[in-house]
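Following: one structure in structure tokens, then a few remarks.
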Amino acid sequence: MCYRQVMYELKPSPQLDIALTLDAPDVLPSGKLCFEFVNTMNWHASDSPLESLYTYNDLVDWAQSVGIRSEEAARALKVQGDRHPSLAEQVYEWAIDLREALYHVFVALISGEKPARIDMDLLNEALPHAFTLPEILSNEEGFGWRWRGDDKGLDGLLWPIIRSAARLLTDGDHSRIGQCEDDRGCGYLFYDTSRNHSRRWCDMNSCGNRAKAHRYYSRRSQRKDTDA
């Protein structure tokens, strides 16, 4: 008896989940949506971190800037926030708490330490909201997940961030998680996609160039001391 092997063409899943789209290589500067959120606190590892998100509307503007929300959707969120200012403030404060928890979790991983329970508890508290109301949709590319909970309420813009973090923690390559090595405490987190894991800086045009200049002047000073 002759058996014929049937080969099926594997098609990529459509990127219906915005977190998957934004976490794809070469989309965001840091490499992951959750890191883009964490990096909204500037100089995170220094003694004087600098906040960039001061209100719920700032959070919405950031979400629009990275692609979580369209301009129209961001405008609607601001209108909703103006109608419910107390709730918008609560969402903002929770967002900041989640951001700091994520920062501490990933820094612990980089340091080879176990994340603090309080930080993991905050993340786990958000998970049921981030993965709520799932449905499978199809398009010309195939089938993919969509999370209808993202479209509901003032807090919906947080859920793609939490899914990004959850997937990185459970399925990501932790050896590629890095932090800018600037000695002033830049603190920028990134996912290193270079072939030889060589990324060390937030950006070569800022902390990277400063480090190069510092090494140059240090070597020059040493040569002068040697010649003296």
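Each value in this text was obtained by applying a stated rule to the coordinates, not by laboratory testing. From a predicted model like this one, the values you see are computed outputs, not experimental measurements. Note: ideal-geometry Cβ built from the backbone for every residue, glycine included; neighbour counts use all protein chains shown.
Observations on the model:
- Here is the list for the range 58-167: trypsin sites (Lys or Arg not before Pro) lying in DSSP coil, each with at most 14 other C-beta atoms within 10 angstrom of its C-beta, are Lys152.
- Reachable aspartates and glutamates from Lys152, criterion Cα separation under 20 angstrom, eight or more residues apart if same chain: Asp17, Asp58, Asp61, Glu71, Glu72, Asp82, Glu89, Glu93, Glu125, Glu135
- Relative exposure of Val107, Val79, Val38, judged by other C-beta atoms within 10 Å (fewest first): Val79, Val107, Val38
- Taking other C-beta atoms within 10 angstrom as a stand-in for reagent exposure, Leu87, Leu169 fall in the order Leu87, Leu169, fewest first.
- Shape class of the range 18-196 from the Cα gyration tensor (axes a ≥ b ≥ c, square roots of the eigenvalues): oblate, since a/c reaches 1.5 or more and a/b does not exceed b/c.
- With contacts taken as Cα pairs under 8 Å and at least 6 residues apart, the range 15-99 reaches a relative contact order of 20 percent.
- Charged neighbours of Asp173, selected by a Cβ distance under 15 Å, balance to +2 (K, R count +1; D, E count -1).
- Of all aspartates and glutamates in the structure, not one has an alpha carbon short of 14 Å from that of Lys114, not counting any fewer than 8 places away in one chain.
- Other residues lying with their Cβ under 14 Å from the Cβ of Val105 contribute a combined charge of -1, Lys and Arg counting +1, Asp and Glu -1.
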